[in-house]
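The values are calculated or read from the model by the stated rules, or taken from the named source; none is laboratory data. Small disclaimer: the values here were computed from a predicted structure and weren't measured. Glycine gets a Cβ as well: all are built from the backbone with ideal geometry, and neighbour counts include every protein chain shown.
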């Protein structure tokens, strides 16, 4: 079946602009996660959603970052007033439930470059 | 707090020889542990996971890992390396029993020489 998809695959933007990154999880998966992969920090958790519960935003690095999940499916990660240190690959993952034993399936990522 | 340490940032082996990628973890509870692989310009793929069942876990492509609580280790092994195994490997621990988000190690880049 279809896996996790993300768009765009690449995004180049100028410092100070806002960007939106999209994630389509696997159908039927109630949990959705965003991670960031950068050279300096490795892979780090940003935010997750579970069904209709309030999201866990504990990993967001600043208030310029926000995310929504509409209808329990598609999610959008928004970065306002982008900075050069936001350059990274943003990965989305989904799992059946938000439990520690569930396998998370990752999308191919969006490579963000801030000039 | 949960954490993982991958002891080698880069491992190089010859094709046909064994692979050992080392991982130690720290956990305040009985953890779920994972190994993910990332091929160049590809997404993360699950190799195997430990979730408190059998301590020896078999994964895809001939990889396996053994959970050793006394040593707080979860090393990844394969008897015979293939050229296609060249990739970056991540040891991962779940953040807590109730939270599903993952904590990643820094990664080990595996090179395979012909």
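Residues being over 14 Å from residue A:109 (Cα atoms) and surrounded by fewer than 18 Cβ atoms within 10 Å (Cβ to Cβ): count how many of those fall in segment A:13-25.
Selection size over segment A:13-25: 6.
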Of the residues that make up segment A:76-87, is at least one in a loop (DSSP other than H, G, I, E, B) and under 30 Å from residue B:32 (Cβ atoms)? no
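A quick yes/no check of all residues on (1) at pLDDT below 95; (2) in contact with a helix residue (DSSP H, G or I) (Cβ under 7 Å, 6 or more places away or on another chain); (3) part of a strand (DSSP E or B):
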| residue | (1), (2), (3) |
| --- | --- |
| A:23 | no, no, yes |
| A:27 | yes, no, no |
| A:36 | no, no, yes |
| A:43 | yes, no, yes |
| A:58 | yes, no, no |
| A:90 | no, no, yes |
| A:98 | yes, no, no |
| A:113 | no, no, yes |
Against the condition surrounded by fewer than 22 Cβ atoms within 10 Å (Cβ to Cβ), within 14 Å of chain A (Cβ to nearest Cβ) and on the phi < 0 side of the Ramachandran plot, how does residue B:93 come out, does it pass? no
Given (1) over 13 Å from residue B:32 (Cα atoms); (2) free of Cβ contacts under 8 Å to residues at least 40 places away in the same chain; (3) in a strand (DSSP E or B), identify the lone condition not met by residue B:70. (3)
Members of segment A:45-56 found to be out of contact with any helix residue (DSSP H, G or I) (no Cβ under 8 Å at 6 or more places or on another chain) and either exposed (fewer than 14 other Cβ atoms within 10 Å of the Cβ) or over 15 Å from residue A:93 (Cα atoms) (or both), listed by number: A:53, A:54
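Which is out of contact with any strand residue (DSSP E or B) (no Cβ under 6 Å at 6 or more places or on another chain), at pLDDT 95 or above and either closer than 16 Å to residue A:106 by Cβ or within 14 Å of chain A (Cβ to nearest Cβ) (or both), of B:52, B:9, B:80?
Going through B:52, B:9, B:80 in turn, the sole match is B:9.
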For a quick check of your reading of the model, give me the residue pairs whose first member lies in segment A:1-15 and is touching a residue at least 40 places away in the same chain (Cβ under 8 Å), whose second is surrounded by fewer than 12 Cβ atoms within 10 Å (Cβ to Cβ), with beta-carbon atoms closer than 8 Å and at least 6 apart or on different chains. A:12/A:115; A:13/A:115; A:14/A:115; A:15/A:84; A:15/A:115
The number of residues in segment A:101-115 that are surrounded by fewer than 19 Cβ atoms within 10 Å (Cβ to Cβ) and more than 10 Å from residue A:87 (Cα to Cα) is 3
Looking at segment A:87-95, is at least one residue in contact with a strand residue (DSSP E or B) (Cβ under 7 Å, 6 or more places away or on another chain), surrounded by 21 or more Cβ atoms within 10 Å (Cβ to Cβ) and more than 14 Å from chain B (Cβ to nearest Cβ)? no
